[in-house]
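> Quick one: structure below, then a few questions.
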C-alpha cells in the first residue's frame, strides 16, 4: 500500500512538472532505482543492503545523470553508461562476496 502511494505521488509530481501525462514517461526510472540500490551496496542476489547506502547511490546516479546531460550525451548513451555502472557494481559486489567467503573458509580451517 505504501509503495502504491509513493508511486501515485511521484506520478502526480512528474505530471505536474511536465504539465502532461504520457504512459511511457517513467520507462527509465526503474533503471535509475536499480542502479541507486546496487551502487548503494544492496546485493542483487539479496540478503543485505542499507537505506543510507541506497540514498548515497541515488545521489551518485543523479549526479551522473545530470553530468551526462550537461555534457550533451544522448539519452541512448546515458542508458548504456548507467547499465555499465550497474554491471561494474554487480561485478565488484560478487568479487567482494567471494573474498568474504574465502576469508570465512580460511578462518574455519584455522580453527580445526
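Read-outs: derived from the displayed coordinates by stated rules, not from any lab. These numbers come from a predicted model, not from an experiment.
> If one takes the longest principal axis of the Cα atoms in the chain, at what angle in degrees, from 0 to 90 and to the nearest 10, does the Cα axis of helix 2-18 lie?
40
> Further question on the same structure: Please state the equivalent ellipsoid semi-axes for the range 26-70: what are the square roots of 5 times the Cα gyration tensor eigenvalues, largest first, in whole Å?
The three semi-axes for the range 26-70 are 20, 12, 7 Å.
> Next question, about the same structure. Starting from 0 in steps of 5 Å, tell me what percent of the Cα-Cα pairs of the range 27-111 lands in each bin.
3, 14, 21, 20, 14, 10, 7, 4, 3, 2, 1, 0
> Rounding to the nearest 10 and keeping the result within 0 to 90°, find how far the Cα-based axis of helix 29-39 lies from the longest principal axis of the chain.
Taking Cα atoms only, the helix is inclined about 30 degrees.
> To continue, here is another question. Taking Cα pairs under 8 Å and at least six residues apart, what relative contact order does the chain come out at, in percent?
Once divided by the residue count of the chain, the mean separation gives 22 percent.
> Calculated from DSSP H runs of 4 or more alone, at -39500 (n - 2.57) each and per residue, what is the 222 nm mean residue ellipticity of the chain, nearest 500?
Value at 222 nm, helices only: -26500 deg cm²/dmol.
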